[in-house]
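Enquirer: Take this structure, written in structure tokens, and hold onto it; I'll ask about it next.
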Amino acid sequence: MDYSSRLEGFYKLSPGQRIEWLAQIINLGHVEVDDLLSGGLGLEEADRLSENVVGLFDLPFGIAANFTINDRDYLIPMVTEEPSVIAACSHAAKIVRASGGFHARAADPVMVGQIQLIFEPVQELPGESNKLAETVARLKASHNQILAAKTELLELANQAQPNLVRRGGGARDLWVREFFETRIGPMLVLYLAFDTRDAMGANMVNTALERIGPHVAELTGARVHLRILTNLSDRRLASATCRITTEAIGGADVARLIVEAQVLAEVDHYRAATHNKGIMNGIDAVALATGNDFRAIESGAHAFAARDGGYHPLSMWEQASNGDLIGSLELPLAVGIVGGMTKLHRVAQIALRILDVKSSQELAAVMAAVGLAQNLAALRALATDGIQKGHMKLHARRRELENQE
């Protein structure tokens, strides 16, 4: 779409004026405007989506402005009830915009699933003590049998999703890990890498795993137990970077203070948890707006932050020799633009029209940039005026509303 994300004075408009502007920009019809006003989901639809439904729960749907990502302007739909998130994100994007914007990318949309293979304990005969050796030999033999059948297993997995394969997706790789000592005995875990294209892909992966499970059991003689995707989608990483001039950030001293705040998150897991929560404030809000699974995204992000046994910040901020502030962010982002809630929820469909993304990879890249912007906004506030100044100003608006009731 041909528009600028620089929305000067947008926050000063009434909600009705903002909706009117948006309807003109992305060509919304009267029905779609009604969907925005009503939430885009009726009670009957909700009853098909969930269980024991007795009503609907609305959250504010807003637009973050000022984003330039990979030399293109984006309006960012966000669903959040927390004051200051959208305002802070828009302000940070304005700062980065003045220095050339964000650069972001996402890897191919490859999800990973697991099949758990459990081996019954080897019965040890009287006078013999080679149980461990037999167990090791059995697991290694099964490991080799699976790898020898790799091509066959990948083809079998693809049979579960022929339409996806025709669109360029499907099974990409397969590998095995051995676990000799667990409290329930030895096991193997088979991992399947599966390209889900523009879908988040959980159901696709699980279906493929269930398709190949019986054949794996025949190959190994093991008992197939769990067959499920992992939300640690570390083959589906998205990243964003920016470089902000000292003038745009407010001076070299501000950049230094932001780096000092970053370092605390690097050495202290208490701070790292809140640091990453700020990043997810932005990413979750876009996930909710577009009908994506924010719970899966949260799980993958925090597991990725703890992948080496510690818990670390997902972003990095450094100061260049000339004083510029350099930021980067990397995390797993398994998101989709087809299927699931993105297909069923009418406001989620409008959100995707606002973003005008062409693939799940583009959506993931945009979300990574939003996460980095949200992180910048929080660190800059903490390092200068303190987080409460702007935060509590918006909380005051909420209290005004409460007092009117």
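Enquirer: For the pairs Lys12/Lys94; Lys150/Lys343; Lys12/Lys358, note any where the Cα-Cα span goes beyond 28 Å.
Expert: Lys150/Lys343; Lys12/Lys358
Enquirer: So between Ala303 and Ala217, what do we pick up on full extension, going 0.36 nm a residue minus the alpha carbon distance?
Expert: 28.0 nm
Enquirer: State the extension gain, in nm to one decimal, for the chain segment bounded by Asp253 and Asp2, taking 0.36 nm per residue of separation less the distance between their alpha-carbons.
Expert: That works out to 86.6 nm of additional length.
Enquirer: Next up: Express the relative contact order of the chain as a whole percentage, based on alpha carbon pairs under 8 Å and six or more residues apart in sequence. The partial results should precede the final answer.
Expert: Working: 723 pairs, mean separation 85.6, N = 405.
Reported as a whole number, the value is 21 percent.
Enquirer: Quick one: if you stick a label point 7 Å off each Cα along the C-beta vector at Leu132 and Ala98, how many nm between them?
Expert: 6.5
Enquirer: Can you find, among Ala106, Met187, Asn231, the residue farthest towards the positive end of the dipole of the chain? Put +1 on the C-beta of Lys and Arg, -1 on that of Asp and Glu.
Expert: Projecting each Cα onto the dipole axis, the largest value belongs to Ala106.
Enquirer: Report the normalised scattering of the chain as log10 I(q)/I(0) at q = 0.08, 0.10 Å⁻¹, calculated by the Debye formula with identical scatterers on the alpha carbons.
Expert: -0.52, -0.77
Enquirer: Separate question: For the chain, set up a GNM with springs between Cα atoms under 10 Å and report which of Arg307, Arg72, Arg48 has the largest fluctuation.
Expert: Fluctuation is largest for Arg48.
Enquirer: Continuing with this model, one more query. Please compute the modelled spin-label separation between Glu155 and Val54, points set 7 Å along Cα→Cβ, answer in nm with one decimal.
Expert: 5.5
Enquirer: In a Gaussian network model over the chain where Cα atoms closer than 10 Å are linked, find which of Phe119, Phe67, Phe194 has the largest mean-square fluctuation.
Expert: Answer for the Gaussian network model of the chain: Phe119.
Enquirer: Also: Under a point spin-label approximation (7 Å from Cα along Cα-to-Cβ), what is the Trp21-Glu45 distance to one decimal in nm?
Expert: Taking the two extended label points, one gets 2.6 nm.
Enquirer: Which residue, Val267, Val205, Val335, tops the fluctuation ranking in a GNM of the chain built on C-alpha contacts under 10 Å?
Expert: Highest fluctuation of the listed residues: Val267.
Only the coordinates and a few stated rules stand behind these numbers; no lab work does. Since the model is a prediction, treat every value here as computed from it, not as a measurement. Virtual Cβ from ideal backbone geometry, glycine too; neighbours counted across all protein chains shown.
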